[in-house]
1. Between Q288 and K148, what is the label-to-label distance in nm when each label sits 7 Å out along the Cα-to-Cβ direction?
2. With unit charges on the beta carbons (Lys and Arg positive, Asp and Glu negative) and the dipole taken about the Cα centre of the stretch 32-280, which residue among N140, L34, H264 sits farthest to the positive side?
3. Working from Cα positions, state the angle (0 to 90°, nearest 10) between the long axis of helix 534-555 and the longest principal axis of the chain.
4. Could you give the dipole magnitude of the stretch 332-694 about its Cα centre, charging the beta-carbon of Lys and Arg +1 and that of Asp and Glu -1, in debye to the nearest 20?
5. Stokes-Einstein at 25 °C, 0.890 mPa s, Kirkwood radius from Cα pairs: D for the stretch 404-456 in µm² s⁻¹?
6. What angle do you read, to the nearest 10 degrees and between 0 and 90, between the alpha-carbon axis of helix 633-649 and the longest principal axis of the chain?
7. Which whole-number value in Å³ per residue fits the convex hull of the alpha carbons of the chain?
8. Give the value in nm², to one decimal: projected area of the alpha carbon convex hull of the stretch 113-173, averaged over all directions.
Amino acid sequence: MRSAVPVLLMGILCFPAFCAESQTDSFRPPAVPLVTVDPYMSVWSFSDNLYDSWPVHWTGQVHAMAGMIRVDDKTYRFMGPEVVCPTAAKQTQLTVQPTATTYFFEAGPVKLRLNFVTPMLSSDLAMLSAPITFVWFQVNATDDKPHKVTIYFDASGEWVINDARQEIVWQRMPKPIAGTQFVSMGSAQQPILEKAGDNLRIDWGYFYVGVPTEGDNRIVVAPHGVREQFIRTGSIPETDDARMPRPANDDWPVIAAVMNLDVHADRSCTCMMTLAYDDLFSIEFLGQKLRPWYYKAFGGFVPMLEQCIKTPQEVWKSRHSFDVDLLADARKIGGKEYADLVAIAYRHVWASGKIVVSPDGSEPWFFHKECFSNGCMATVDVSYPASPFLALFSPTLLNGMCAPIFEYARSEDWTFEFAPHDVGTYPKGNGQSYGRNREGKLRFESQMPVEECGNMILMTAAGVKASGNTDFAKRYWDLLSQWAGYLKEKGLDPENQLCTDDFTGHLAHNVNLSLKAINAIGAYAMLCEKMDKPQEARQYRAAAKEMARQWQKMANDGDHYRLAFDKPGTWSMKYNLVWDEILNLDLFDPQIARTEITYYLKIQNKYGLPLDNRADFTKSDWLVWCATMAEKKSDFEMLIRPLYRFTDESPDRVPFSDWYFTSTAKVRGFRARPVIGGIFIPFLKDDKTWTSYTEKADQP
């Protein structure tokens, strides 16, 4: 038995009144998003109960938050392990929605509702880019009696360093911002954008915690022993610890806050905290440090705080309506299980990247991180599976994800005739890092020529369809034409090379990679039509149609299609076929998809459809792409249900992994990666549904 039943509610989350707590579901997210903004400000719970373990960064490193509630003279913990406080409140429910996570607790004669709200709304790019999470506390009595309640919260210096031995400093904001008193903490050294790599945490910029100035609230920096003081007395020191700088692991300094509530029998009491992170500079691209987009959108960090804090109720209503509508659409597409996957994936995808100001200061760019694989930055074959998410919610940021690759491809560092793989190692985008030798030279044999050319053309085409605007494609038409020509020559029967599934090694005559090339050629023809280039459109469409005809003969293996053209008796996911329908290319016989879906349903395992016949692991993103090719909702649901089962039952508690074993539900690798955006591709299958979202997307 689980000690508390987590639930994904699709109904209304009302504020400030309590919702009904009927438990209609028992879905257990593999990891629960708490404070999820970007690859550095990304904190999760890896436990069923919030008080079972410390909150952690997506890498698994502790980013401690402790929470306690004192009811009259008895103290209970609701966040952090037993070392925080020996007595735990009882967690009764957990809901995860796209923009909010809500926990419910019982603490003696009161109920506590705890909300982590990160208002990531694509209808407001400024708010979407804001590095802010609101933490709402709501308390009501269950015994019809008044109670004095104090909420305690703290966050440790681990938030601002990569290694606990690094020194930290802190300071108090000189005056309140929008009625909120802030204390900030940061590393003493401030090595801005110095470190690049995968398993790293931020060690520059400043973390801010704020509480309202009104009421009997207090916020200080103190050693972690302040928790014991609160348990004993219900209070914390009045002044900040003066011993700094000092290592984060030297008596573990924390930003600690208390908020006092007088809970009456007939009404609930609420209070709000603000968590924010000013990273100063977010990305380096070709030697230039780039500011986060919120600096441009709001005019700086402090104006961002002021504006966001002034509108919490508006934010609450907007994000609640968004969550309800998104989950309702997801249920229509694929039922409850698919909606649950959408709910846990939305903030996950946004938090895998950072929205920054482009080098010329004119537009927002989105740089994602290839989390827990190699830390590459703006990786094209990671952008590709993430692209449906941005094509749905923000065509502007889809272009902003592709632009750095186009710009880098025009640089002197890139000398190949095909598209690059990446622009560097996060957060330093100073040239492709994948496939360089010891002398720093890029090796041809480590490139993905057909893969990346196809990806860039298909993503650009998706952006054009989503926005109805060809300006971005025109800007980079020389490269798009060059890469389309490359695919026309090399794409039908690819040579021995890597594809996005590079963990499986090189493969010649890759049937699924050929699908990508053919669809990309068709997509290029579509772009030619939209840009009034009829002759080129006819030429490339004819080439794509002929290649599709040859593909069907070359790949046919009876009741399915092969892994490689020269390997009878093999099979693989044909996830790249989905773009034929998404982009209305009309290149392939619809019977091909029907044949594949029928075969997939026969061979899938308990936890999903394997990637191909070589191993029983799969990719979550590609699995959903394959399911999207199903004509019947029931077939889609039959393919999605094992993926849902994986997220619910996997013994590995990490953010939604995209690489796992379909027989055991154990994670093979990867976590918190942007490719989870691929599970949103079913929304693009219906043009009306797709348009309903892009029409709401903010265009800066």
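1. Result for the modelled spin labels: 5.9 nm.
2. About the Cα centre, the residue reaching furthest to the positive side is H264.
3. Tilt of helix 534-555: around 90 degrees.
4. For the stretch 332-694, the charge dipole is close to 600 debye.
5. 219 µm²/s
6. So the helix axis and the longest Cα principal axis differ by about 50 degrees.
7. Considering the Cα atoms of the chain, their hull volume per residue is 139 Å³.
8. Mean orientational projected area (the stretch 113-173, Cα hull): 7.8 nm².
The numbers here are math on the coordinates, done by the rules we state, and not lab data. Just so it is clear, the structure is predicted and the values come from calculations on it, not from any experiment. All Cβ positions, glycine included, derive from the backbone under ideal geometry; neighbour counts span all protein chains shown.
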